[in-house]
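Q: Got a structure for you, written out below as structure tokens; questions coming shortly.
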Amino acid sequence: MRVALSLPGLAAAAVIALCPAAHGAHAAGSPADKRAPPLPRAGIIKTGGVTTTPYGWLDFCNRYESECRGGLSPAADIALTAGSWHLIRAVNAKVNADIEPLSDMQHWGTMDQWDLPGDGYGDCEDYVLLKRKLLIAAGLPRQALLVTIVKDEQGEGHAVLTAKTDHGEFVLDNMRDKIRPWNEVPYRFVKRQSQEDPNVWIQIGEPTSAPATVSR
């Protein structure tokens, strides 16, 4: 039997994850600074116009209204530092390790239900929603943590979290622990949340049919 996870506890753990890097910071120009590995860089995703909102997000917002509030606000990127990169990697690894994959049909008896995996089980969009929640709780800007729909190598629908930073855009994926630049993952990007409004979705790249469900 899986032990139910405490979402507030996970949020606290996410905030604590940043502390070692922050407390261990050295003055700029110190020898320790010079030994620090360079921060990663990635390209920028080309986005298009407004497109349809996934049913799963609309249904999720009906059940978790507080997760979808925000309205119109200026776009903001994550300032990528050793501390923020450590936090993003820590949350990605923790959620991937703590959540057991389970399809919506097995979990809820329906083809596509987006949820926060408080019972320790979930599929791709549930991992994404929890990572988003924890990173926002840890202080990263909501406008830079974007639920993103892609098609995988088999053309099946899949959800990932895009972290938009001042060093480019990176993908947090339940299918792999390593966080990679968006242009280095084997996916066809379809659409994602607008930075300005989480309830508006925008097209990515050339138009393509959206997957009916996201399920991995």
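Q: Which of Asp166, Asp98 has the fewest other C-beta atoms within 10 Å, and how do the rest follow up to the most?
A: Ordered by Cβ neighbours within 10 Å, fewest first: Asp166, Asp98.
Q: Of Gly118, Ile204, Ala90, which is farthest towards the positive pole of the range 59-216's charge dipole, taken about the Cα centre with +1 and -1 on the beta-carbons of Lys, Arg and Asp, Glu respectively?
A: So the residue furthest toward the plus end is Ala90.
Q: Further question: With labels modelled as points extended 7 Å from the Cα through the Cβ direction, what inter-label distance (nm, one decimal) is found for Met105 paired with Arg63?
A: For Met105 paired with Arg63, the spin-label model returns 1.8 nm.
Q: Could you tell me the calculated FRET efficiency between Leu72 and Arg35, based on Cβ-Cβ distance and R0 = 35 angstrom, to the nearest 0.05?
A: E between Leu72 and Arg35, to the nearest 0.05, is 0.20.
Q: Which order do the peptides 48-54, 132-138 come out in when sorted by mean C-beta neighbours inside 10 angstrom, highest first?
A: Numbers: 48-54: 13.7, 132-138: 21.7.
Descending mean neighbour count gives 132-138, 48-54.
Q: Given a Förster distance of 30 Å, report the FRET efficiency between Thr53 and Arg188 from their Cβ-Cβ distance, rounded to the nearest 0.05. Let's see the in-between values first.
A: Working: r = 19 Å, r/R0 = 0.64.
The calculated FRET efficiency here is 0.95.
Q: Compute the signed sum of charges (Lys and Arg +1, Asp and Glu -1) over the other residues within less than 9 Å, Cβ to Cβ, of Ile78.
A: -1
Q: Roughly how big is the range 142-202's charge dipole about its Cα centre, with Cβ charges of +1 (Lys, Arg) and -1 (Asp, Glu), in debye to the nearest 20? Working shown, then result.
A: On the way: 9 positive and 10 negative charges, 6 e Å.
For the range 142-202, the charge dipole is close to 40 debye.
Q: Where a Cα-Cα gap under 25 Å defines reach, which lysines qualify for Lys94, not counting those fewer than 8 residues away within the same chain?
A: Lys131, Lys133, Lys151, Lys164, Lys178
Q: While we're here: For a label point 7 angstrom out from the Cα of Met175 toward its Cβ, which stretches of the range 129-161 have the backbone nitrogen within less than 20 Å?
A: Label zone hits: 129-132, 146-161.
Values quoted throughout were computed directly from the atomic coordinates according to the rules given, and no laboratory measurement underlies them. Every value quoted in this text rests on a predicted model; they were computed, and no experiment measured them. No Cβ is skipped: glycine too gets one built from the backbone with ideal geometry, and neighbour counts run over all protein chains shown.
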